[in-house]
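Have a look at the structure below, then the notes.
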Amino acid sequence: MNTQINPVIEKKDNLYLIIIGILSVAVPVLVSVLFYLPQTGKLGDLDVSFLPHLNAVLNTCTTIALLAGFYFIKFKKDARLHRTVMMVAFCLSSLFLISYVIYHYQGPHTIFGDMNHDGVLDLAEKSSVGIWRTIYILILVPHIILAAVVVPFVLFAIYFGISNQFAKHVKVVKWTFPIWLYVAVSGVLVYLMISPYYGA
């Protein structure tokens, strides 16, 4: 049996692995910079107030696509439909990331419980939301961490799938699918909880 690796394939794999590595670092760093160093108003008068609502729609559609992809491969054994809806999920997540970056580059920072939209959570506001703020944070923190963690997993899963490296694809999606699904679902929950506090 010839176990020698085709040097052309190996070189191509290495190129994609480098790209995946760069994106896996660049995306979380970019999001962290926008999260901790808000850039409000850098795009002039561009109104981005609709983007959080769009993001919730994108996350909802991503959730549906992920569940459909799981259904098609697990129960229908239809690799073609599985691949199609998973690529849809990937495109939706990519659109979400672009929308998220634009919003946090341009829009104001929203604080859970900030009823008067002044950017400060005073004691009265904190008291009025009570335990709901703790619940919100308990959903948000894993969402943020796993959203960063899932980036390389998704990229590897997509690459192994489209390059027909199915054994590697199956191995990585055991971790990718539940993490990606949690990120999408928790993104919708986070939106539903914080949406009353978006500015008028």
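The values are calculated or read from the model by the stated rules, or taken from the named source; none is laboratory data. Quick caveat: nothing in here was measured; it's all calculated off a predicted structure. Reconstructed Cβ throughout: ideal geometry from the backbone, glycine too, with neighbour counts over all protein chains shown. Protein only, heavy atoms only, side chains kept; ligands, DNA and RNA dropped before computing areas. Shrake-Rupley method; radii C 1.70, N 1.55, O 1.52, S 1.80 Å.
Values computed for the structure shown
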quantity	calculated
Qualifying residues in the stretch 125-134 (those that are in a helix (DSSP H, G or I) and either small (G, A, S) or without any contact (Cβ under 8 Å) to a residue 12 or more places away in the chain (or both)) - the one surrounded by the fewest Cβ atoms within 10 Å (Cβ to Cβ)	I131
Hits in the stretch 58-84 - residues which are part of a helix (DSSP H, G or I), open to solvent by 80 Å² or more (accessible area, probe 1.4 Å) and not charged (D, E, K, R)	I64, L67, F70, Y71
Residue match in the stretch 108-124 (condition: buried (at least 17 other Cβ atoms within 10 Å of the Cβ) and assigned to a helix (DSSP H, G or I))	no
Residue under evaluation M87, criteria (1) in a loop (DSSP other than H, G, I, E, B); (2) surrounded by fewer than 18 Cβ atoms within 10 Å (Cβ to Cβ), criterion not met	(1)
Test: V183 is out of contact with any helix residue (DSSP H, G or I) (no Cβ under 8 Å at 6 or more places or on another chain) and either on the phi > 0 side of the Ramachandran plot or among the β-branched types (V, I, T) (or both)	no
Filtered residues of the stretch 97-107 (kept if open to solvent by less than 70 Å² (accessible area, probe 1.4 Å) and out of contact with any Gly (no Cβ under 7 Å at 6 or more places or on another chain))	L97, S99, Y100, V101, I102, Y103, H104, G107
Selection from the stretch 140-182 of residues that are free of Cβ contacts under 8 Å to residues at least 60 places away in the same chain, open to solvent by less than 40 Å² (accessible area, probe 1.4 Å) and under 21 Å from I111 (Cα atoms)	L140, H143
Which listed residue is open to solvent by less than 30 Å² (accessible area, probe 1.4 Å), closer than 23 Å to V33 by Cβ and small (G, A, S), from S94, S186	S186
